[in-house]
Amino acid sequence: MPHTDGDVAAMLETIGAKHLDDLIAHVPANLRASAKINLDAGRSESDVVHEISSLAARNPGASGFASFLGAGYYRHYVPAAVRAVIARAEFATSYTPYQAEASQGTTQAIFEFQTLITQLTAMEVANASMYDGASAAAEAVLMARRLMPKRSVVALSRALWPDYRATIRTYLSALHGIEIVEVPFDDATGATDAAALDRIASDRLLCTVTGYPNAFGVIEPLGAITEKTHRAGAPAISATAEGIALGLLRAPGELGVDIAVGEGQSFGLPLQYGGPGVGFMAARAAHIRQMPGRLVGQTRDRDGRRAFCLTLNTREQHIRRERATSNICTNHSLCALAATVYLSLLGRNGLRDLAERNVELSHRAADLLEAAGIRRRFSGPFFNEFALKLANPTAAVEAAERKQILAGVALGDDYPELSDSILVSVTELNRGDEFGRLAAAIAEVR
C-alpha cells in the first residue's frame, strides 16, 4: 500500500533525511544514473485485458482435451463456494497463526481441518497441514524413528509413488544408520508382495510405508500389511494421494495403521502446474508428542466462551528449537481452508457418493478398453486409476494427444520393469464418450 506524500515527508524528517535519494547516496552516481527502469508508458486496463485474452486464445488449451492424467494429482470439480470463501479478505492472506489468540478465524479453520482429517482416517489426532503428501510421508518416517530410536530398517513399498519415495530418501539422507529397503510389488496383482514383506519384517524394522491406494491405483491389503508390521513390533504408515478414496475405503485407523498421511489436493484444490498441495497427517493419541508441526485445540476463555489455541507446538521456531520434531516452518492454511470448505459442502454422504462415482466410471472405462482388446496390467482391485499394458506406450500417448486426448502417464521412467504400461486415471469430470475415443486412439497404435 503506497505511502502518501505526507507519510513520506514525516518518515524522512524522523530519520533526518531531506529526500528519498539521500537513502542511496552511498551508491556511486554513475550506477544510480544507469539504474532507471525502461518501461513503456502505462496502458488502460481494457487494452491489457484484450491483449492478454488474444494471447490466451492462441493456446490449444487443456479444456479441449479429454484428460486421463493422474499419478498422484487428480482432476476433480471444485464447487464455486470453495473459491468464494477462500477469496474473502480475511482468508486470502492467511498465514500461520503466530498469535493464535488474535487469529481466531484462521485457528478455527485449522481446527476444523484437523477434525475432518481424523474423521476421514479414523485416527485420534491430526496436526495442522503439512506441505504436501510426499513431505508428510517423510515426516511420518521421522516420527516413527523417534518412536523406535533403536531400529534401522525403513520398508517402503515399491508401489508407493516415486516422489514420495524420493522425498523420504532425501529426508533420511543426513541420518546415519538408517537402511531403506523397497518391498517389491506382486507382478500379477500390483499390490505389495506379502512374502517379501515377511522376509523384511524383523526386530530391525523401524516402520513400513504403504500407498492406499498405491501408485498403480491398486487398493493394498492394508490390514494384512499392518498386521505383519505390528508382529515385528514396528509402526505402520499409510499414504493416500487420492483423498477421495477415503470416502469409500475402510479408514486406515480401522485397519490398525499407526500414522496415516496423504495429499488433500483432491479436496477443492485445482491442478495448477504441480501445486500447491496440502499434506495431512493423523496418528494415535499415544504418539501425539512425537507429531511434527503444531496442533490446534479447542478450549474456553476466562469468560467461558469457545476459543481456539495452539495446543501443541513442536516446531523449531517456538520454544523447542533444536529439540523440534520438524523443520516445517508453516502450514498451508489457505489450502487447508479450501479442503475444509470442500469437505463440509459434500458431507459424509456426498463424499461417499463422489467416491462411488469415481469407481463406477473408472471400471466402466476399464471394461470398455478390455472389450477393445486393451487389458489392464494388474489384476488387483482398483479405485479410480489403473495401469494398461501396451506394446508401445510412448507411441500410444503421442497418438492420443494428436487426437486431443491426454491418455495417461507412461510408467517406464519411474518403473523400468513397467516400460510396457501407462497409468490411466478417471474421475467424475470424465464423460462416457471419452472412453471410446481413448480406446480408439490407443488401438490404432497396436
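For the chain, take the longest principal axis of its alpha carbons; what is the angle in degrees between that and the long axis of helix 162-172, to the nearest 10 within 0 to 90?
Relative to the chain, helix 162-172 is tipped by roughly 60 degrees.
So, in Å, what gap is there between the alpha-carbon centers of the range 370-446 and the range 136-215?
Distance between centres, Cα-based: 28 Å.
Under 15 Å Cα-Cα from residue 36, which aspartates and glutamates qualify once same-chain neighbours fewer than 8 residues away are excluded?
21
Would you tally the net charge around residue 277, using a Cβ to Cβ cut-off of less than 13 Å, leaving residue 277 out, and scoring K and R as +1, D and E as -1? Could the numbers behind the result be given before it?
On the way: positive: none; negative: 132, 163, 242, 263.
Around residue 277, the surrounding residues sum to -4.
Is the shape of the range 267-406 rounded, prolate or oblate, going by the alpha carbon gyration tensor and its root eigenvalues a ≥ b ≥ c, with a/c under 1.5 for rounded and a/b larger than b/c for prolate? Can you show the working numbers first?
Numbers: a/c = 2.82, a/b = 2.19, b/c = 1.29.
Prolate.
Give the accessible area for residue 230 in Å² (nearest 10); use a 1.4 Å probe, count only protein heavy atoms, and leave out ligands, DNA and RNA.
Surface accessible to solvent at residue 230 totals approximately 80 Å².
For residue 18, go through the aspartates and glutamates and keep the ones whose alpha-carbon is under 17 Å away, minus same-chain ones fewer than eight residues off.
The qualifying aspartates and glutamates are 5, 7.
Quick one: helix 5-15 against the long Cα principal axis of the chain, what's the angle to the nearest 10°, folded into 0 to 90?
On a 0 to 90 degree scale, this one is about 80.
To the nearest 0.05, what FRET efficiency results for residue 17 and residue 37 with a Förster distance of 22 Å applied to their C-beta separation?
Numbers: r = 23 Å, r/R0 = 1.03.
Working from the Cβ atoms, E equals 0.45.
Which order do the peptides 410-421, 68-79, 171-182 come out in when sorted by mean C-beta neighbours inside 10 angstrom, highest first?
Numbers: 410-421: 16.3, 68-79: 19.8, 171-182: 12.7.
Taking the mean over residues of other Cβ atoms within 10 Å, the ranking is 68-79, 410-421, 171-182.
Find the Cα radius of gyration of the range 142-197, compare it with 2.2 N^0.38 Å by division, and give the number to two decimals. Numbers along the way, then the final one.
Details: Rg = 12.4 Å, N = 56, 2.2 N^0.38 = 10.2 Å.
Here the answer is 1.22, to two decimals.
I need to check one value: relative contact order of the chain, counting alpha carbon pairs closer than 8 Å and at least 6 residues apart, in percent. Please report the intermediate quantities before stating the final value.
Details: 838 pairs, mean separation 91.8, N = 446.
21 percent.
By DSSP, what percent of the beta bridges with both residues in the chain are antiparallel, rounded to the nearest 5? Each step should come with its number before you reach the end.
Numbers: 25 of 45 bridges.
If I count the DSSP bridges inside the chain, around 55 percent turn out antiparallel.
Calculate for the chain the 222 nm mean residue ellipticity that helices alone would give, adding -39,500 (n - 2.57) per DSSP H run of length 4 or more and normalising by residue count, nearest 500 deg cm²/dmol. Write out the running numbers ahead of the final one.
Numbers: 13 runs with 164 residues, N = 446.
About -11500 deg cm²/dmol.
What order do you get for 299-305, 395-401, 337-343 when each peptide is scored by the mean count of other beta carbon atoms within 10 Å, highest first?
337-343, 395-401, 299-305
Compute the long axis of helix 432-445 from its Cα atoms, compare it with the longest principal axis of the Cα atoms of the chain, and write down the angle in degrees, 0 to 90, nearest 10.
Taking Cα atoms only, the helix is inclined about 70 degrees.
Using a Förster distance of 22 Å, how high is the FRET efficiency between residue 45 and residue 89, based on the Cβ-Cβ distance and rounded to 0.05?
Calculated value: 0.55.
The values are calculated or read from the model by the stated rules, or taken from the named source; none is laboratory data. Bear in mind that the values here come from a model prediction, so they are computed numbers and not experimental data. Ideal geometry is used to build each Cβ from the backbone, glycine not excepted, and the neighbour counts take in all protein chains shown. Keep in mind that these areas ignore ligands, DNA and RNA; they rest on the heavy atoms of the full protein, side chains included. Shrake-Rupley method; radii C 1.70, N 1.55, O 1.52, S 1.80 Å.
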